[in-house]
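For reference, the structure discussed in these notes is given below.
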Amino acid sequence: CWWRFALPPLIAVMLLCVVFAVRGVFPFGEGSIAYFDFADQFIPQYYHLHDALHGESALFFSWNTALGTNMAGVAGRSAFLSPVNLLFFLLVPRDAILPAMSFFLMLKMGLIALTAFILLDRCFSRLPLFWRTALSLLYAFSGYVFQYYSNIHWLDTVLVLPLILLGLHWLITREIPWLYLGALTLCLIQD
């Protein structure tokens, strides 16, 4: 029954595509989701880390801002340590970073819906599939996600939180600590 795990991410991506189409956001128009911190802070960090991973600039220092900027804090933050972000840096060409942010948000929101569904499926398996799917979508489309998606690194914590809760459940019920410790460590490293 693997398809039930694919359902929440696919619905989340389709709903976000509808929103992008209505608002004219790339790939359905010329609009962009980048504003405030997203455009001014995080996308330039993505350019820098992309360049560093591809050997085109130093990881901990950038000459592209003023007289140079210490990037040690950026390189050590979630922009670099998130597995989702690393995949993004390695697969997306540098000139496609800005337009690809729409797809990146879709990916993160789909994964948020997936981790929420995994938590609900493992802890509340007697709950009907409709409600597990609906609740995972409500989590993915929560006010927090829409309010703070412009700080896209914070979505990694939203993504990992259901895994922390599932790990805590397993720690209490089965005395299996690895998922809780691993997810909590990843969350603490990222932020």
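The values are calculated or read from the model by the stated rules, or taken from the named source; none is laboratory data. Predicted model only: the values in this text are computed from it and were never measured. Cβ: placed from backbone, ideal geometry, glycine included. Neighbour counts: every protein chain shown. In case anyone asks, the SASA skips ligands and DNA or RNA and just uses the protein heavy atoms, side chains included. Shrake-Rupley method; radii C 1.70, N 1.55, O 1.52, S 1.80 Å.
For this structure, a couple of remarks:
- So ARG132, is it assigned to a helix (DSSP H, G or I), of a type in the set (Lys, Arg), open to solvent by less than 60 Å² (accessible area, probe 1.4 Å) and farther than 21 Å from PHE28 by Cβ: yes
- For the range 169-179, the count of residues that are at pLDDT below 90 and either of a type in the set (Ser, Thr, Tyr) or under 22 Å from SER32 (Cβ atoms) (or both) is zero.
- Any hit, the range 84-91, residues being closer than 20 Å to TYR148 by Cβ, modelled with pLDDT under 90 and not aromatic (Phe, Trp, Tyr): yes
- Residue check for ASP156: among the acidic types (Asp, Glu), open to solvent by less than 40 Å² (accessible area, probe 1.4 Å), over 30 Å from ASP37 (Cα atoms) and in a helix (DSSP H, G or I): no
- Index of the failed condition, SER125 passing every other in (1) in a loop (DSSP other than H, G, I, E, B); (2) farther than 24 Å from PRO27 by Cβ; (3) in contact with an Asp or Glu (Cβ under 8 Å, 6 or more places away or on another chain): (3)
- Extreme residue, farthest from LEU159 (Cα to Cα), among residues of the range 104-121 that are at pLDDT 95 or above and not aliphatic (A, V, I, L, M): ASP121
- Residue check, ASP95 in contact (Cβ under 8 Å) with a residue 60 or more places away in the chain and among the acidic types (Asp, Glu): no
- Sole residue being under 23 Å from the mean Cα position of the chain (by Cα), under 23 Å from LEU159 (Cβ atoms) and modelled with pLDDT of 85 or more, chosen from PHE38, PHE20: PHE20
- Subset of the range 5-60 (residues that are of a type in the set (Phe, Trp, Tyr), open to solvent by 20 Å² or more (accessible area, probe 1.4 Å) and in contact (Cβ under 8 Å) with a residue 12 or more places away in the chain): PHE5, PHE26, TYR35, PHE36, TYR47, PHE60
- Within the range 169-184, restricting attention to residues that are of a type in the set (A, V, I, L, M) and assigned to a helix (DSSP H, G or I), the residue that is surrounded by the most Cβ atoms within 10 Å (Cβ to Cβ) is ALA183.
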